[in-house]
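Trainee: Before I ask anything, here is the structure I am working with.
The values are calculated or read from the model by the stated rules, or taken from the named source; none is laboratory data. Keep in mind the model is a prediction, meaning the values are calculated, not measured. Every residue, glycine among them, receives a Cβ derived from its backbone with ideal geometry; neighbour counts consider all protein chains shown. Ligands, DNA and RNA are stripped out before the accessible areas are found, and what is left, the full protein with its side chains, is counted by its heavy atoms. Shrake-Rupley method; radii C 1.70, N 1.55, O 1.52, S 1.80 Å.
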Amino acid sequence: MYADLHKQGIARTFGRAAAGYDRHAAFQRASGDELAALLGPLQGKTLLDAGCGTGWFSRVWQRSGNRVIALDLSSDMLAEARRRESASVYLAGDIERLPLADGSLDICFSNLAVQWCDELPRALAEFHRVTRPGGMIAFSTLAEGSLEELTRAWRQVDSAVHANRFMPAAAIARALQPYRHQLHAVPHRLYYPGLVPLLQDIKGVGAGYLRDGRPLGLAGSQRIRRLEAVWERHAAGLPLTYQLIHGLIYRD
């Protein structure tokens, strides 16, 4: 029951972000571009974009001549992808319970979605189940240490939880052990001119949902000033780190 409520909360949060998502998703696009480059050129494939969001990468794969199935937990995100004619098929569904037949796909592509799953091994097993032999699974996720500046700064302001915990990189590697695979750790550090645009980007892509703790978003002006005052500062601006992991699984 808790897991279902958790998934409903994620879907609602991403749904509220759907209309403005692409304005805040520069990091998500950079991650997806890196992941797509690992797959290389694809044409004439049946491809699942799992956690498609507004369908940005669904459209990339569709323009390359692939049949794309766009899947998202959020019906509002899926509606946005449909409005933009991003795919051939649109499915509302959960990555951990894919509504697809065994061996029905050539490629599973999932950019920054599986960190919202309850169990990464179950998500990978589902990708493996629906991918036919000779196909590939490509996913990106975030590892422990992501948003560390946010966590450190909030600890100096109050005792509430303001950021989700991410799996250790070693645990992600263990989840891949049953499969022939590649794993690439690609840290990203972004810099912002101030705290308000930083928090707007996090909230704007739906990442403000917390499994436990206080919802992440814009606080009152006094709290914003307190938080910004304790945030580590660089000449380039306020840093925000993402410990990005790209995984490739070869479906033997």
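Trainee: If you check residue 134 against the conditions, is it surrounded by fewer than 15 Cβ atoms within 10 Å (Cβ to Cβ) and in contact (Cβ under 8 Å) with a residue 24 or more places away in the chain?
Mentor: yes
Trainee: Quickly run through region 150-171 and pick out the residues that are under 12 Å from residue 243 (Cα atoms) and in contact with a Ser or Thr (Cβ under 7 Å, 6 or more places away or on another chain).
Mentor: 166, the sole residue that qualifies.
Trainee: Anything in region 58-70 that is touching a residue at least 12 places away in the same chain (Cβ under 8 Å) and open to solvent by 30 Å² or more (accessible area, probe 1.4 Å)? List them, or say none.
Mentor: Across region 58-70, the qualifying residues are 59, 60, 62, 64, 65, 67.
Trainee: Can I ask one more? Would you pick out the residues in region 108-129 that are open to solvent by less than 10 Å² (accessible area, probe 1.4 Å) and over 21 Å from residue 244 (Cα atoms)?
Mentor: Result: no residue meets the conditions.
Trainee: Filter region 24-57 down to residues that are open to solvent by 10 Å² or more (accessible area, probe 1.4 Å) and of a type in the set (Ser, Thr, Tyr), then give me how many there are.
Mentor: 1
Trainee: Of (1) open to solvent by 20 Å² or more (accessible area, probe 1.4 Å); (2) modelled with pLDDT under 95, residue 145 satisfies all except one. Which?
Mentor: Of the numbered conditions (1) open to solvent by 20 Å² or more (accessible area, probe 1.4 Å); (2) modelled with pLDDT under 95, the odd one out for residue 145 is (2).
Trainee: Looking only at region 141-177, count how many residues are assigned to a loop (DSSP other than H, G, I, E, B) and either touching a Phe, Trp or Tyr at 6+ places or on another chain (Cβ under 8 Å) or touching a residue at least 12 places away in the same chain (Cβ under 8 Å) (or both).
Mentor: Residues meeting the conditions: 16.
Trainee: Looking at this structure, is residue 177 open to solvent by 10 Å² or more (accessible area, probe 1.4 Å), within 19 Å of residue 50 (Cβ to Cβ) and not charged (D, E, K, R)?
Mentor: no
Here's the yes/no breakdown for (1) closer than 21 Å to residue 140 by Cα; (2) hydrophobic (A, V, I, L, M, F, W, C):
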residue: 9; (1), (2): no, no
residue: 22; (1), (2): yes, no
residue: 30; (1), (2): yes, yes
residue: 50; (1), (2): yes, yes
residue: 55; (1), (2): yes, no
residue: 98; (1), (2): yes, yes
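Trainee: List the number of the failed condition for residue 140; all other conditions in (1) closer than 27 Å to residue 198 by Cβ; (2) at pLDDT below 95 hold.
Mentor: Every listed condition holds for residue 140 apart from (2).
Trainee: Which one of 240, 198 is outside any loop (DSSP other than H, G, I, E, B), touching a residue at least 40 places away in the same chain (Cβ under 8 Å) and in contact with a Lys or Arg (Cβ under 9 Å, 6 or more places away or on another chain)?
Mentor: Being outside any loop (DSSP other than H, G, I, E, B), touching a residue at least 40 places away in the same chain (Cβ under 8 Å) and in contact with a Lys or Arg (Cβ under 9 Å, 6 or more places away or on another chain) holds for just one of 240, 198, which is 240.
Trainee: Test residue 80 against the stated conditions and say whether it is in contact (Cβ under 8 Å) with a residue 60 or more places away in the chain, of a type outside the set (A, V, I, L, M), within 26 Å of residue 241 (Cα to Cα) and open to solvent by 20 Å² or more (accessible area, probe 1.4 Å).
Mentor: Judged against the criteria, residue 80 is not a match.
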